[in-house]
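Notes for the one structure printed next.
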Amino acid sequence: MEAKAVDSIKPEEDSRWRLINRTIRLHGNAPDALIETLHGVQERFGFLDLDALKYVAGSLKVPLSRVYAVATFYHYFTLKPPGEHTCVVCKGTACYIGGAAGILDDINQTIGISPGETTTDGRISLLTARCLGSCGLAPAVVLDGQVCGRMTPDAVLEKIGSWTSHDDDA
């Protein structure tokens with residue numbers, strides 16, 4: 001999925017916006033469609049930028065402040081483009097007890113990002129989840145969409161290292 005700013009929204013020229021407009025119409029252009037519409041934008045663009053938030057606010061006739069409040073309240077939504085690769089560390093009770101904090105600390109010390117941040121080169125985003133529902137695999141980490149269990153800081157850093165070394169070879 002291409003994470004690109006929506007600088008100039010032209011729904012008639014972009015099939016992604018036509019699908020979002022369809023969602024809005026299916027909900028009767030009602031303000032109640034806000035969360036569903038934001039989900040559609042996030043799924044199609046990878047994040048919610050200011051232009052997209054303004055477009056949704058105008059389309060649903062709700063204040064931009066309300067759209068922004070919803071977008072920042074729910075952890076699913078992100079206002080920044082994601083990195084090429086994502087690492088999601090579970091912070092549920094079993095994972096936390098199993099060493100999730102150590103994984104996060106080592107990532108921070110090694111590549112210099114904290115949860116919710118992306119490396120300056122745009123390659124890696126670090127996120128956390130309240131629970132992945134994989135308690136038997138604690139500590140669990142999702143690496144580019146794949147749930148990995150019984151992870152150690154070294155194993156996570158090895159995978160992250162493979163992302164950067166393979167990208168350098170390309």
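The values are calculated or read from the model by the stated rules, or taken from the named source; none is laboratory data. Keep in mind that what you see is a predicted model, and the values were worked out from it rather than measured. Every residue, glycine among them, receives a Cβ derived from its backbone with ideal geometry; neighbour counts consider all protein chains shown.
Given the conditions (1) closer than 29 Å to residue 152 by Cβ; (2) touching a residue at least 24 places away in the same chain (Cβ under 8 Å); (3) assigned to a helix (DSSP H, G or I), and given that residue 52 satisfies all but one, which numbered condition is not satisfied?
Just one mismatch for residue 52, condition (1).
Being surrounded by fewer than 16 Cβ atoms within 10 Å (Cβ to Cβ) and aromatic (Phe, Trp, Tyr) narrows it down to one residue among 47, 73; which is it?
73
State yes or no: is residue 107 surrounded by fewer than 14 Cβ atoms within 10 Å (Cβ to Cβ) and either on the phi < 0 side of the Ramachandran plot or free of Cβ contacts under 8 Å to residues at least 12 places away in the same chain (or both)?
Here the answer is no, as residue 107 does not meet what is asked.
So that you can scan it fast, the table gives a plain yes or no per residue for (1) out of contact with any Gly (no Cβ under 7 Å at 6 or more places or on another chain); (2) at pLDDT 95 or above; (3) more than 30 Å from residue 53 (Cβ to Cβ):
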position	(1), (2), (3)
70	yes, yes, no
75	yes, no, no
80	yes, no, no
103	yes, yes, yes
120	yes, no, no
137	no, yes, yes
149	yes, yes, yes
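Specify which of the listed residues (59, 114) is touching a helix residue (DSSP H, G or I) at 6+ places or on another chain (Cβ under 8 Å), in contact (Cβ under 8 Å) with a residue 12 or more places away in the chain, assigned by TED's automatic domain parsing to the domain that holds residue 135 and not hydrophobic (A, V, I, L, M, F, W, C).
Criteria check complete, one pass: 114.
Collect the residues in region 126-169 that are surrounded by fewer than 17 Cβ atoms within 10 Å (Cβ to Cβ), part of a loop (DSSP other than H, G, I, E, B) and not β-branched (Val, Ile, Thr), keeping them in residue-number order.
If the condition is that a residue be surrounded by fewer than 17 Cβ atoms within 10 Å (Cβ to Cβ), part of a loop (DSSP other than H, G, I, E, B) and not β-branched (Val, Ile, Thr), then 130, 131, 133, 144, 145, 149, 150 are the ones that fit.
Go through region 62-107 and give me each residue that's touching a helix residue (DSSP H, G or I) at 6+ places or on another chain (Cβ under 8 Å) and either part of a strand (DSSP E or B) or among the aromatic types (Phe, Trp, Tyr) (or both).
68, 74, 76, 77, 85, 87, 89, 90
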